[in-house]
Amino acid sequence: MKIAIAQLNFHVGNFAGNLAKMLDAVKTAKAQAADLICFSELATCAYPPRDFLEFDDFITTAEQTVKKLAKAAKGIAIVVGSPCRNPVVEGKDLFNSAFFLADGKIKQVQHKALLPTYDVFDEYRYFEPASDFQVVEYQGKKIALTICEDIWNVGNNNPLYTICPLDEMMAQKPDFVLNLSASPFNYNQASTRIHVLQANAKRYKLPMFYVNHAGAQTELVFDGGSIVLSPNGKVYDELPYFEESVRCYELAEVEKNKKHQERKKDKMTLIHDAIVLGIKDYFGKLGFKKAILGLSGGIDSAVTAVLAARALGKDNVRAILMPSQFSSDHSVNDARALAENLGIQYDVMPIETVYDAYLGVLKPHFWGTGFNITEENIQARIRGMLVMAMSNKFGNILLNTSNKSEMAVGYGTLYGDMCGGLSVIGDLYKTEVFELAEFMNRDAIVIPTNTITKPPSAELRPDQKDSDSLPDYDILDEILFQYIEKRQGPKAIIKMGFDSKLVKRVLRMVNINEFKRHQTAPVIRVSSKAFGMGRRMPIVGKYLS
């Protein structure tokens, strides 16, 4: 048997576009004499459809899409993920299902059993778990159909679940396993995923064909990296990351264990490519073309500009330089140099006269008070207003340039530097932003060296440095990582050797600034715990306050 796996970039709710992609892939597979082609989880509607699943018309259109795809299942079998209605009144209205199509018809349907409801996943909100497991028989082979999380409870070792779907199917003696996935990217996920798949292959001594999405849906990036494993757990082949691909495999060759092809997984390469795809798909799937951002001469806006130019092309990125009387000459020069290195359009809009005008209006009302964070925030909000005016006038989408460290401790101004339609580096700690900048400069200097080496500063008052208000970033970022990603409380973090007062201060800043993060742009997720849909914290709470 010859099996094709189709790693495609689907678009939530774009049934016609998703169907067209799948029909093209079927033609490609047929041309290579494939007997079967497998698409990913919820491929008809794309993942995650979220509350679109509550619309009856949405489900009807998904059903019609499956039927249209079934007409192409002649001379080839097709496996595709799609929502499926639950005919039983009790329980949820839908299943998350894998449809097996052959001879122009829907031959069999297997539902997903393990429904992740943690971090970015919310499947039990919509779906009923499967309780029945039947292998599919086709061309003399028995196929175990599984969907994403169904293979993440190997031998019932995952305490989240009480059932192991593949254990349930083993009595039927399947010949190989198909897994339809929509596995969101984080920089550790690719390695973790392979370990889980290898554990399955070794346990059941079966070939495994794992098919993943490749594309971005707002915050979530799907990295592709679909995998074929031999029965001994060796990676027979691993598809490219962050791009579409259709490949065919002879089952007998996979069973022989002879070819082994696993891709390198460098953290910065993966993060860079994930964010580029995240930007590209956010714009492309929403029908936008051009981006705009404020360029300060600092590391955050520089890295954001490079990522935007690589995602959208230099002609589709515009930068606004907005120096004040507190901006250093080298920051303005660094911003100019970066824009020229990238070949992007840039405009210079000094804000000193606007700032003075604001102060003039406020002077009688601020009588008797001194310069403080209020005057700093006025500058940030002037810049936000100017860049949003350009965004509105020319139809450009503003990219937010805040990093994760700043977002965590509230070191940013609402309606100022926190404006934007998409947060590009909001899941990168400051230390990771510097690491990514060095990565971008590995072949040639793109980001001016001075931008990377100078002390970080918001430049909102004379001789200001970030270290005036915050701990050094190598210390701050480790505390934040332990609290946000590792969910460690203050006592555990203090035991690691961090100063008690500092830990309590940092964690308090994180918690009291939750209201800011609820008003910011969606953040492209690259870590295991990003600000956004996967981290749900109360705005009003007493913990560590």
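Numbers for the structure displayed
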read-out: Cα-Cα over 30 Å, subset of 92/267; 30/290; 465/516; 68/142; 285/529; value: 92/267; 30/290
read-out: Structure-derived semi-axes √(5λ) of the Cα gyration tensor in Å - corresponding label in (i) 47, 25, 22; (ii) 51, 33, 18; (iii) 41, 30, 23; value: (i)
read-out: Global form of the stretch 381-509, assessed from the alpha-carbon gyration tensor, a/c cut-off 1.5; value: prolate
read-out: Förster radius 60 Å - calculated FRET efficiency between residue 439 and residue 89 (Cβ-Cβ, nearest 0.05); value: 0.65
read-out: Those lysines that a straight Cα-Cα span of less than 23 Å connects to residue 289, excepting residues fewer than 8 apart in one chain; value: 21, 280, 314, 393
read-out: Cross-link reach list, aspartates and glutamates versus residue 486, counting only Cα pairs under 12 Å and skipping chain neighbours closer than eight places; value: 478
read-out: C-alpha center-to-center spacing [the stretch 339-372, the stretch 388-436] in angstrom; value: 19
read-out: Trypsin sites (Lys or Arg not before Pro) restricted to the stretch 483-545 and DSSP loop, no more than 16 other C-beta within 10 Å; value: 486, 487, 536, 542
read-out: Two-site FRET efficiency, residue 67 against residue 365, from Cβ-Cβ distance with R₀ of 60 Å, rounded to 0.05; value: 0.35
read-out: DSSP-loop chymotrypsin sites (Phe, Trp or Tyr not before Pro) across the stretch 361-403, with at most 15 other Cβ within 10 angstrom; value: 366, 367, 371
read-out: Global geometry of the stretch 2-265, whether rounded, prolate or oblate, following the gyration tensor of its Cα atoms and the 1.5 cut on a/c; value: rounded
read-out: HN-Hα J in Hz across the stretch 280-288 - Karplus 6.51, -1.76, 1.60, θ = phi - 60°, x for Gly and Pro; value: 4, 6, 4, 6, x, 6, 8, x, 8
read-out: Filtered trypsin sites (Lys or Arg not before Pro), the stretch 121-219: DSSP coil and at most 13 other beta carbons within 10 Å; value: 205
read-out: Percent of beta bridges antiparallel (DSSP, the chain, rounded to nearest 5); value: 55
read-out: Interchain or long-range residues, amide H under 5 Å from residue 317's placed H; value: 291, 345
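Coordinate-derived values only; no laboratory data. Values in this document were obtained by computation on a predicted structure and should not be read as measured data. Positions of Cβ are generated from backbone atoms using ideal geometry, with glycine treated the same way; all protein chains shown enter the neighbour counts.
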